[in-house]
Amino acid sequence: MKKKLILILALLVCTYSYSQIRFEKGYYINNDDEKINCFIKNIDWRSNPTKFDFKLTEQSDSKKLNINLVKEFGINNTSKYIRCTVNIDRSTENVNKLSNDKNPIFTKEQLFLKVLIEGKNALYEYIDNNLKRFFFKNSNLSIEQLVFKTYSTASGNYYGENNLFRQQLLNNLKCPKFTSNRFKNLKYKKKELLDLFIDYNECFNKTDTNFETTKKRDIFNLNIRPRLVSTSLEINSIFEFRNADFGNKTVFGIGVEAEFILPFNKNKWAIIIEPTYQNLKTETTVNTRTFFGGELTTIINYKTIEFPVGVRHYLFLSNNSKLFINASYVTGFTLNSTSEYERKDGFDLEPLEIKSRDNLAFGFGYNYRDSYSLELRYQTNRDIFSDDVTVKTGYNSFSIILGYSFF
């Protein structure tokens, strides 16, 4: 029944996620320099796009436009991309594959550059998976890459850095309050470059447009998560007298979840880590012909601290509410867990050592105002006597989890 419920919920979420399309007000400029107001599907691109979906009205069908047809597009007060043909160096930063040539190797490409800041001088960003490059509009009003390259030294045991971007900026951003020291230790990082360009535009009392000052991202949440856990436990052994079925039992558990929101796709993806404590105390008595007296009672006291580590995906319903699904790999350890076998004739059996295996967990839930949440979670089978080859256990759990974010 529990597996069927999880399957139904998963199918509903998948159906919803495929049907969910969120378009926001924006525009694009075509090759005839016509500006068309429209609605653009904002997926908060991790890598710079080469195409996008749009609607002319909220009710119309969606269509695609690619880079060959669009000079510029933007989502109001959020992001802006311009089409440029530029020289770009795609040299790897992987230390195991570094070139021994310190100079950039340029190729001419047509790209959508993300506008970070506009003003007297402009700053742009290009990301393609692990490749990150920054571009700027120089004093001649042409767009060129800010050069930074890691390369292998002649010995092969060390690597060097080509920080030509510092000299490029020193030559082009002439401001009376800038000294050479401002550029000497400048890092090839978005925040440091943004700060420099903002200061430069302010130097001339020029108004700039900073596309990175939109709503602050919620990048970390800490949640307290009490739960009711419905467990089922069954022991199967090659020795018939050790077989036991404990049926279903409901216990209380408590967890603290750290959620790290990933910085792309509009906060829809997160990494979750949730240390959780729970304690199952259960026993059952079976009749057996193996022992005098005919009865054997099996007692399990299973205390665990689990460490689920997983991925969560959000499906936004409104500004204040959202659904989510998550999948986790669950590891952990036991705390003074014991098993006991009590015979009616007084000659007890040697207990088995409890040592459990890892398993998987799948959850579906609802979040309100980033503060309150409710999750249904199913955990797959776990063997709690994993070191004993004569015994196999079926331990499953289904949880109803309440959550409150206090950070």
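Residue-wise test of (1) at pLDDT 95 or above; (2) not in a strand (DSSP E or B).
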| residue | (1), (2) |
| --- | --- |
| Thr282 | no, no |
| Arg289 | no, yes |
| Gly293 | no, yes |
| Ile300 | no, no |
| Val311 | yes, no |
| Tyr329 | yes, no |
| Arg357 | no, yes |
| Phe364 | yes, no |
| Ser373 | yes, no |
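Among the charged types (D, E, K, R), at pLDDT below 95 and assigned to a strand (DSSP E or B): is that true of Glu342 in this structure? For Glu342, the condition - among the charged types (D, E, K, R), at pLDDT below 95 and assigned to a strand (DSSP E or B) - is met.
Determine if region 120-130 includes at least one residue that is farther than 25 Å from Phe23 by Cα and either outside the structural domain of Lys189 (by TED's automatic domain parsing) or out of contact with any helix residue (DSSP H, G or I) (no Cβ under 7 Å at 6 or more places or on another chain) (or both). Yes, region 120-130 contains a residue that is farther than 25 Å from Phe23 by Cα and either outside the structural domain of Lys189 (by TED's automatic domain parsing) or out of contact with any helix residue (DSSP H, G or I) (no Cβ under 7 Å at 6 or more places or on another chain) (or both). Determine, yes or no, whether Asp61 is part of a loop (DSSP other than H, G, I, E, B) and of a type outside the set (Lys, Arg). Taking the combined requirement at face value, the residue satisfies it.
Residues in region 297-327 that are without any contact (Cβ under 8 Å) to a residue 24 or more places away in the chain and in contact with a Leu (Cβ under 8 Å, 6 or more places away or on another chain): Leu317 only.
Give the residue that is nearest to Lys322 (Cα to Cα), with candidates limited to residues of region 244-298 that are among the acidic types (Asp, Glu) and within 43 Å of the chain's Cα centre (by Cα). Walk me through it before giving the result.
So in region 244-298, the residues among the acidic types (Asp, Glu) come out as 245, 257, 259, 274, 283, 295.
From the residues that got through so far, the ones that are within 43 Å of the chain's Cα centre (by Cα) too are 245, 257, 259, 274, 283.
Details: Asp245: 39, Glu257: 18, Glu259: 15, Glu274: 20, Glu283: 41 Å.
Across region 244-298, the extreme among qualifying residues is Glu259.
Screening Asn129 on (1) buried (at least 16 other Cβ atoms within 10 Å of the Cβ); (2) under 32 Å from the mean Cα position of the chain (by Cα) shows it passes everything except condition (1).
Once region 152-192 is narrowed to residues that are in contact with a helix residue (DSSP H, G or I) (Cβ under 8 Å, 6 or more places away or on another chain) and assigned to a helix (DSSP H, G or I), the residue that is surrounded by the fewest Cβ atoms within 10 Å (Cβ to Cβ) is Ser180. The single condition among (1) assigned to a loop (DSSP other than H, G, I, E, B); (2) under 30 Å from Asn66 (Cα atoms) that Leu111 does not meet is (1). Residues that are touching a Lys or Arg at 6+ places or on another chain (Cβ under 9 Å) and of a type in the set (Phe, Trp, Tyr) were ranked within region 242-278; the one that is farthest from Ala361 (Cα to Cα) is Phe264. Checking each residue in region 49-58 for being in a loop (DSSP other than H, G, I, E, B) and over 24 Å from Leu111 (Cβ atoms) picks out Leu56, Thr57, Glu58.
Number of residues in region 236-291 that are over 30 Å from Leu352 (Cα atoms) and charged (D, E, K, R) equals 4.
The values are calculated or read from the model by the stated rules, or taken from the named source; none is laboratory data. Here the structure is a predicted model, which means the values were calculated and not measured. Methodologically, a virtual Cβ is constructed for each residue, glycine included, from the backbone with ideal geometry; neighbour enumeration extends over all protein chains shown.
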